[in-house]
1. Output the residue which, of all residues in the range 29-59 that are assigned to a helix (DSSP H, G or I) and over 14 Å from the mean Cα position of the chain (by Cα), is nearest to residue 101 (Cα to Cα).
2. Could we say that residue 28 is modelled with pLDDT under 95, out of contact with any strand residue (DSSP E or B) (no Cβ under 7 Å at 6 or more places or on another chain) and surrounded by 13 or more Cβ atoms within 10 Å (Cβ to Cβ) here?
3. For the range 94-117, enumerate the residues that are of a type in the set (Ser, Thr, Tyr), surrounded by fewer than 12 Cβ atoms within 10 Å (Cβ to Cβ) and either modelled with pLDDT of 95 or more or over 23 Å from residue 42 (Cβ atoms) (or both).
4. So which residues in the range 60-93 are assigned to a helix (DSSP H, G or I) and closer than 23 Å to residue 114 by Cβ?
5. Looking only at the range 41-52, decide whether some residue is exposed (fewer than 13 other Cβ atoms within 10 Å of the Cβ), hydrophobic (A, V, I, L, M, F, W, C) and either touching a Cys at 6+ places or on another chain (Cβ under 9 Å) or modelled with pLDDT under 95 (or both).
Amino acid sequence: MKSGCCLDEAFDANRVRRALEDLVDGRLAARMAAAFKALADPTRVRIISALMHTELCVGDLASCLGMSTSAVSHQLRLLREMRLVRSRREGKYVFYTLDDEHIYELFERGLAHASHT
């Protein structure tokens, strides 16, 4: 290997071994990619943002986002499937919140990165 150049047929066995020690397996990589894909939509990012500090029902979210309840429900279904939000029923209302503290932390880090200039 030439200094500053990485050729296809050349590799550093020690670096490769170290990288392989922590390499994410294919199944976990697919789950992570799906979560990031869910966050690749601005509407879903805004829903997560609205749920950062309080639980809200579909009507509350629709009002916050200026969207129909049907459109918000569709997005919430996707977020639930990806385990980014969870729901709780209270009478005829269903309230949504972030699934766990990891989602909060992930969102905060993403927001800090996107805001960084």
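The values are calculated or read from the model by the stated rules, or taken from the named source; none is laboratory data. Bear in mind the structure is a predicted one, so any value in this text is a computation, not a measurement. Here the Cβ positions follow ideal geometry from the backbone for every residue, glycine too, while neighbour counts run over all protein chains shown.
1. Keep residues of the range 29-59 that are assigned to a helix (DSSP H, G or I), which gives 29-38, 42-50, 58-59.
Going one step further and asking which of them are over 14 Å from the mean Cα position of the chain (by Cα), we end up with 50, 58-59.
Details: 50: 15, 58: 21, 59: 24 Å.
For the range 29-59, the residue satisfying everything is 50.
2. On the way: modelled with pLDDT under 95: yes; out of contact with any strand residue (DSSP E or B) (no Cβ under 7 Å at 6 or more places or on another chain): yes; surrounded by 13 or more Cβ atoms within 10 Å (Cβ to Cβ): no.
It is false that residue 28 is modelled with pLDDT under 95, out of contact with any strand residue (DSSP E or B) (no Cβ under 7 Å at 6 or more places or on another chain) and surrounded by 13 or more Cβ atoms within 10 Å (Cβ to Cβ).
3. If we filter the range 94-117 for residues that are of a type in the set (Ser, Thr, Tyr), which is where we start, we get 96-97, 104, 115, 117.
Filter once more, so that each one left must be surrounded by fewer than 12 Cβ atoms within 10 Å (Cβ to Cβ): 115, 117.
Correct list: empty.
4. Of all residues in the range 60-93, those assigned to a helix (DSSP H, G or I) come to 60-65, 69-81.
Those that are assigned to a helix (DSSP H, G or I) and closer than 23 Å to residue 114 by Cβ: 61, 64, 65, 72, 75, 76, 78, 79.
5. No - not one qualifying residue is present in the range 41-52.
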